[in-house]
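The values are calculated or read from the model by the stated rules, or taken from the named source; none is laboratory data. Small disclaimer: the values here were computed from a predicted structure and weren't measured. Using ideal geometry, Cβ is built from the backbone for each residue, glycine included, and neighbour counts are taken over all protein chains shown. What goes into the accessible areas is simple: the full protein's heavy atoms, side chains included, and nothing from ligands, DNA or RNA. Shrake-Rupley method; radii C 1.70, N 1.55, O 1.52, S 1.80 Å.
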Amino acid sequence: MKLRRDLLPSDRAPLARTLEATGFFNPEELALALELVDDRLAHGEASHYRFLVAEVDGEVAGYTCWGPIPGTVESADLYWIAVHPRHQGRGVGRALLAAAEEGMRRQGRRRCWIETATRPQYAPTRAFYLACGYTLVAELPEYYAPGDGKAIFCRVLDDIPGRRDGAGESPTA
Ligand SMILES: CC(C)(COP(=O)(O)OP(=O)(O)OC[C@H]1O[C@@H](n2cnc3c(N)ncnc32)[C@H](O)[C@@H]1OP(=O)(O)O)[C@@H](O)C(=O)NCCC(=O)NCCS
């Protein structure tokens, strides 16, 4: 598996296919996810959105998108993470999340926040965040829809062993 920070125009179609193939995102969410992709493609390093793309055997297998939360001193948001079902369960998601955390850490962001849904479909997703060291810090009942709340997870990146090595050395993620 290879991880890269460069988001290429040729990534857009495979990322859209990945998001659709998961079966987790409705058309509105798909459009929103692709808006972030388009923002990055249009503005490059000036974009608020940082991407990491995972490739397996030269094929796009998944991605994540994060950014510092404006108005906060050290928080960052993991906006999106998706791994194509063909590649799920093999550590791609964990590697993407770890690489995003490393980027946050390098930019002085010490808290990673992740929002997801509480409905049963998202139980594996919540298990994934817990397995990756996240704590469920809040639940907002019925946030998305009746019976579907918002689950807010957080990880304090200071807790990661070696966390302080090289912190703040690089302005880029
Ligand atoms: C959530 C997602 C990104 C995880 O990616 P992945 O590559 O499948 O996850 P990994 O293989 O790196 O799993 C890491 C750990 O998470 C846990 N985990 C992953 N999938 C799980 C599942 N279906 N059920 C329970 N635990 C799971 C495991 O503990 C795993 O560690 P292990 O393999 O050492 O046991 C991926 O399944 C996905 O794209 N899901 C659909 C979209 C989605 O929910 N995105 C997030 C929206 S908020």
Worksheet entry | DSSP-defined beta bridges in the range 62-132 - what % are antiparallel, rounded to 5 | 65
Fill in: Efficiency of FRET between Arg86 and Ala131 - r from beta-carbon atoms, R0 22 angstrom, step 0.05
0.60
Discussion item. Please give me the summed charge of the neighbours of Ala138: other residues whose Cβ is under 10 Å from its Cβ, Lys and Arg +1, Asp and Glu -1.
Written reply: -1
Discussion item. Projecting each Cα onto the charge dipole of the chain (Lys/Arg +1, Asp/Glu -1 at the beta carbon, about the Cα centre), which of Ala46, Ala76, Pro27 comes out farthest on the positive side?
Written reply: Ala76
Worksheet item: Around Phe25, which amide H atoms from residues at least 5 apart in sequence, or from another chain, sit under 5 Å from its own amide H, with H modelled in the peptide plane?
Response: none
Worksheet item: Want the number for Asn26 to Ala98: 0.36 nm per residue separation, take away the alpha-carbon distance, what's left?
Response: 23.3 nm
Worksheet, complete the sentence: Taking Cα pairs closer than 8 Å and at least 6 residues apart, the relative contact order of the range 2-159 in percent is 18
Fill in: Under the Karplus curve 6.51 cos²θ - 1.76 cosθ + 1.60, θ = phi - 60°, whole-Hz ³J(HN,Hα) for the range 49-61, x wherever Gly or Pro sits
8, 9, 10, 9, 10, 9, 10, 10, 6, x, 10, 5, 10
Discussion item. Let me cross-check Phe128: its accessible surface, 1.4 Å probe, with only protein heavy atoms counted, in Å² to the nearest 10?
Written reply: 50
Item to complete: Run the dipole for the range 2-159 about the Cα centre, Lys and Arg Cβ at +1, Asp and Glu Cβ at -1, nothing else charged, and hand back the magnitude in debye, nearest 20.
Response: 460
Discussion item. Give me, ordered by chain and number, the residues 5 or more places off Asp77 or on other chains with an amide H under 5 Å from its own placed amide H.
Written reply: Gly67, Ile69, Trp113
Worksheet entry | Mean accessible surface per residue for the chain, computed with a 1.4 Å probe while every protein chain stays in place, in Å² | 51
Item to complete: Extending each Cα 7 Å along its Cβ direction at Glu142 and Arg106, get the distance between those two points in nm, one decimal.
Response: 4.5
Response to the item:
Here the Kirkwood hydrodynamic radius of the range 2-159, Cα-based and in Å, equals 16.0
Worksheet entry | Expected 222 nm ellipticity per residue - DSSP helices of 4 or more, -39500 (n - 2.57), all of the chain, to 500 | -9500 deg cm²/dmol
Worksheet entry | Amide H contacts of Leu7 (H built 1.01 Å from N, under 5 Å, at least 5 apart or other chain) | none
